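Engineer: Right, I'll just put the structure down here and ask away after.
The values are calculated or read from the model by the stated rules, or taken from the named source; none is laboratory data. As the structure is a computational prediction, the values presented were derived from the model and not from experiment. When we count neighbours, we look across all protein chains shown, and the Cβ atoms used for this are built from the backbone with ideal geometry, even at glycine. SASA here: full protein model, heavy atoms, side chains in, ligands and nucleic acids out. Shrake-Rupley method; radii C 1.70, N 1.55, O 1.52, S 1.80 Å.
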Amino acid sequence: MQFQQLQYFVAVAETRHFTRAAEVVHVAQPSLSQQIRSLERELGADLFLRARGNITLTDAGEALLPLARRILADADTARQEVQELAQLKSGRVRLGATPSLCTGLLPDVLRSFHDRYPGIRLMIEEGGSHDLVRELARGALDLALVVLPLPAPAPALTTVELLREDLVVVSSPDAARPGRGRSVRIADLEGERLVMFRHGYDLRELTVTACRAEGFEPDFAVEGGEMDAVLGFVRAGLGVAVVPHMVATRAGADLRVTPLARPGLHRTIALAHRSDVAPPRAARELQRMLLEG
């Protein structure tokens, strides 16, 4: 049974005339009649009683008509849903990002994307770059914002550098200013109590490595937090923390922000996706907005 045959059958059933039905479906009348006869042979039953000037449905035709209409309606619905998806009216994007990027970079971009494509569901997963790479590799994410260099050789991933961001030191305004002026050196953090992120956080590894390069082990006042917790502990005066500039500028006036003296610390943010699978259309549009924004 072919989809086209059902279209022809419904057209004849509704017009009760083979010639007019052929005009409705834009096909020659002999071709339509041939397809109807082929459908009847396949079903093993006549669908129409053919009398001169009078076409009526048989019992078999009456039974088939509502089913054929339902099949055609379902096909039309499927076509519309696929077209809407192609036109970015529905669907989803699964985006992974480190917690600091969820706080700093993503809110404005996601708001713009949602305003433009309100029918697209945004599914966000927070995690360290190592976890996000793993989720990309197993197909659980369409895109991920990760910190370069990746913690391990990436399995068939394509990465595009998005931005290079300065890191700064945040402290409570009620505490003594770290360093000796308007900027702070990494060496000045020796003796400071640090509020430190949990293991697996890119910022933790970057900060600890920088301190060790200056010849000292950092002193942790509190460790193990996510971004919001770290900022809260700093506000409470428990210590200082090294965070991305974007996060610090969004954190509010109740934190003191001190830049790091040159050469400072930086991190490179990249947008990653699997090399062997093209991201869905909606994900490609979000990718474009991230790269252009």
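Engineer: Quick check, is Ala210 in contact with a Leu (Cβ under 8 Å, 6 or more places away or on another chain), of a type in the set (Gly, Ala, Ser) and at negative phi? Before you say what the answer is, go through the steps one by one.
Structural biologist: Working: in contact with a Leu (Cβ under 8 Å, 6 or more places away or on another chain): yes; of a type in the set (Gly, Ala, Ser): yes; at negative phi: yes.
Against the criterion (in contact with a Leu (Cβ under 8 Å, 6 or more places away or on another chain), of a type in the set (Gly, Ala, Ser) and at negative phi), Ala210 qualifies.
Engineer: Something else: Given the structure, is Phe48 open to solvent by less than 90 Å² (accessible area, probe 1.4 Å) and in contact with a strand residue (DSSP E or B) (Cβ under 6 Å, 6 or more places away or on another chain)? Outline the logic, then answer.
Structural biologist: On the way: open to solvent by less than 90 Å² (accessible area, probe 1.4 Å): yes; in contact with a strand residue (DSSP E or B) (Cβ under 6 Å, 6 or more places away or on another chain): yes.
So Phe48 passes the test.
Engineer: Right, another one. What pairs come out if I take residues in region 90-118 that are open to solvent by 40 Å² or more (accessible area, probe 1.4 Å) and pair them with residues that are assigned to a helix (DSSP H, G or I) and of a type in the set (Lys, Arg) whose C-beta lies under 7 Å away, six or more apart or interchain?
Structural biologist: Going by the 7 Å Cβ cut-off, the qualifying pairs are Thr103/Arg250.
Engineer: Sticking with this structure for a sec: Just the residues that are surrounded by 15 or more Cβ atoms within 10 Å (Cβ to Cβ) and touching a strand residue (DSSP E or B) at 6+ places or on another chain (Cβ under 6 Å), please, taken from region 164-182.
Structural biologist: Listed by number, the residues that qualify are Glu165, Leu167, Val168, Val169, Val170, Ser171, Pro178.
Engineer: Filter region 141-163 down to residues that are part of a loop (DSSP other than H, G, I, E, B), open to solvent by 30 Å² or more (accessible area, probe 1.4 Å) and of a type in the set (A, V, I, L, M, F, W, C), then give me how many there are. First the steps, then the outcome.
Structural biologist: Kept after step one, since they are part of a loop (DSSP other than H, G, I, E, B), are these residues of region 141-163: 141-142, 149-156.
Imposing the further condition that a residue be open to solvent by 30 Å² or more (accessible area, probe 1.4 Å) reduces the set to 149-156.
Checking which are of a type in the set (A, V, I, L, M, F, W, C) leaves us with 150, 152, 154, 156.
The total comes to 4.
Engineer: For Asp166, work out the one condition from (1) part of a strand (DSSP E or B); (2) farther than 19 Å from Ala251 by Cα; (3) in contact with a helix residue (DSSP H, G or I) (Cβ under 9 Å, 6 or more places away or on another chain) it doesn't fulfil.
Structural biologist: So Asp166 meets the others, but not (2).
Engineer: Another question, then. May I ask you to list the residues in region 16-43 that are among the polar types (S, T, N, Q) and crowded, with 16+ Cβ neighbours inside 10 Å? If you could, list the steps in order and put the result at the bottom.
Structural biologist: First pass over region 16-43, keeping only residues among the polar types (S, T, N, Q): 19, 29, 31, 33-35, 38.
Ser33, Gln35, listed by residue number.
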